[in-house]
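My structure is below; once you've seen it, I'll send some questions.
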Amino acid sequence: MSGRDPDIKSVFEVSDDSLQGILGYHLYTTAMKYNITEKEIWDFLPPDVIPHTFSWVRYYDKQELTHEMGCNFEAYQSRVSLVLIVGVFEASLQDFIRQLCNKGYRQNLESPPNLEILNPERTSNKKLIKWAYQQAKKCGIGDFSSLLRLHTTFGKIDNARRLRHLIVHNKGLFNINYEKDAIREDSISVELHPSYREFNNGPNLRIPLALNSSYVVDFSRAHIEALHVLHNSLQRRYFGCQDAYSYKEERKKIEWSRILRGI
């Protein structure tokens with residue numbers, strides 16, 4: 001029986017660690033925020049100005065900053081965490097494809113297939129997700145329940161992609177492209193944020209994306225689970241490894257020191 005390919009395994013472990021680190025950081029900062037007062041934060045903030053560019057500073061009121069952050073911290077922090085989760089997952093898909101191509105397993109992300117092999121760095125996140133779903137469906141080893149819910153798991157991943165797009169490109173405000181850009185093929189479930197219904201009833205309204213830690217945990221679980229299934233599938237399909245990677249069976253604790261230090 002063939003062993004796991006070390007380069008594919010390395011891509012998986014780096015991404016897995018990074019996603020765990022994002023979730024740990026989110027939970028830590030959120031817990032810390034709810035256990036410290038505004039006045040305790042003031043002493044650690046610049047008194048009157050903050051650096052804006054290398055040439056300019058801008059005046060600000062630190063009391064206003066802590067007050068507004070206190071009201072909006074979890075929602076804003078959840079947006080930041082979502083952007084990081086999506087970015088790490090996208091990079092992992094690019095790295096998987098690059099490694100497979102380097103080993104002679106050419107990947108074509110077009111449907112129907114095109115003669116040109118797409119550059120993973122220039123390929124849209126949407127196409128990368130479609131590729132990952134098709135690969136994950138061929139897994140056949142590991143946690144059977146995770147295989148059964150792949151269509152909903154990847155629906156969450158695609159929702160995270162579109163929400164990230166709103167955050168980065170539209171100040172976190174809903175627009176019609178949020179629904180129009182959903183993946184509607186390959187049996188992937190279409191997941192929509194509840195606040196989108198409010199926008200749909202009044203498209204001229206400025207409806208902001210509302211997130212909290214429960215969304216971050218849900219999106220984190222989806223991306224990590226899909227990453228595990230995809231890794232198992234690639235190792236089995238291209239390298240003949242029939243043993244699923246599982247830290248659950250090993251009862252392996254998260255190694256925070258190693259993850260947070262990047263070693």
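Report, by residue number, each residue of the range 27-41 that is loosely packed, with under 10 Cβ neighbours inside 10 Å and either at positive phi or among the basic types (Lys, Arg) (or both).
39
Condition check ((1) more than 16 Å from the chain's Cα centre (by Cα); (2) surrounded by fewer than 18 Cβ atoms within 10 Å (Cβ to Cβ); (3) not aromatic (Phe, Trp, Tyr)) across all residues:
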| site | (1), (2), (3) |
| --- | --- |
| 210 | yes, yes, yes |
| 220 | no, no, yes |
| 236 | yes, no, yes |
| 247 | yes, yes, no |
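Would you pick out the residues in the range 49-79 that are surrounded by 14 or more Cβ atoms within 10 Å (Cβ to Cβ) and touching a His at 6+ places or on another chain (Cβ under 9 Å)?
Within the range 49-79, 77, 78 meet the criteria.
Scan the range 101-130 and report the pairs whose first residue is modelled with pLDDT of 90 or more and whose second residue is among the aromatic types (Phe, Trp, Tyr), with Cβ atoms within less than 8 Å and a gap of 6+ or a chain change.
103/238; 105/238; 129/154
Another question, then. List every residue pair whose Cβ atoms lie under 7 Å apart, where the two residues are 6 or more positions apart in sequence or sit on different chains, the first residue falls within the range 145-160 and is polar (S, T, N, Q) and buried (at least 16 other Cβ atoms within 10 Å of the Cβ), and the second residue, located anywhere, is assigned to a helix (DSSP H, G or I) and modelled with pLDDT of 95 or more.
Final answer for the pair search is 146/225; 146/229; 153/222; 153/225; 153/226.
Which residue, of 92, 78, is in a helix (DSSP H, G or I), small (Gly, Ala, Ser), touching a residue at least 24 places away in the same chain (Cβ under 8 Å) and within 27 Å of residue 131 (Cβ to Cβ)?
Among 92, 78, only 92 is in a helix (DSSP H, G or I), small (Gly, Ala, Ser), touching a residue at least 24 places away in the same chain (Cβ under 8 Å) and within 27 Å of residue 131 (Cβ to Cβ).
Just the residues that are polar (S, T, N, Q), out of contact with any helix residue (DSSP H, G or I) (no Cβ under 8 Å at 6 or more places or on another chain) and either touching a residue at least 40 places away in the same chain (Cβ under 8 Å) or part of a helix (DSSP H, G or I) (or both), please, taken from the range 1-42.
10
Counting only residues that are at pLDDT below 85 and either among the polar types (S, T, N, Q) or surrounded by 14 or more Cβ atoms within 10 Å (Cβ to Cβ) (or both), how many does the range 249-263 have?
0
Name the residues in the range 43-57 that are in contact with a Ser or Thr (Cβ under 8 Å, 6 or more places away or on another chain) and either assigned to a strand (DSSP E or B) or of a type in the set (Lys, Arg) (or both), would you?
none
Would you mind finding the one in 82, 100 that is crowded, with 16+ Cβ neighbours inside 10 Å and farther than 25 Å from residue 255 by Cα? Spell out the reasoning first.
Details: 82 fails: farther than 25 Å from residue 255 by Cα.
Matching residue, one of 82, 100: 100.
The values are calculated or read from the model by the stated rules, or taken from the named source; none is laboratory data. These figures come from a predicted structure and were not determined experimentally. Counting neighbours? That spans all protein chains shown, and the Cβs are built from the backbone with ideal geometry, glycine included.
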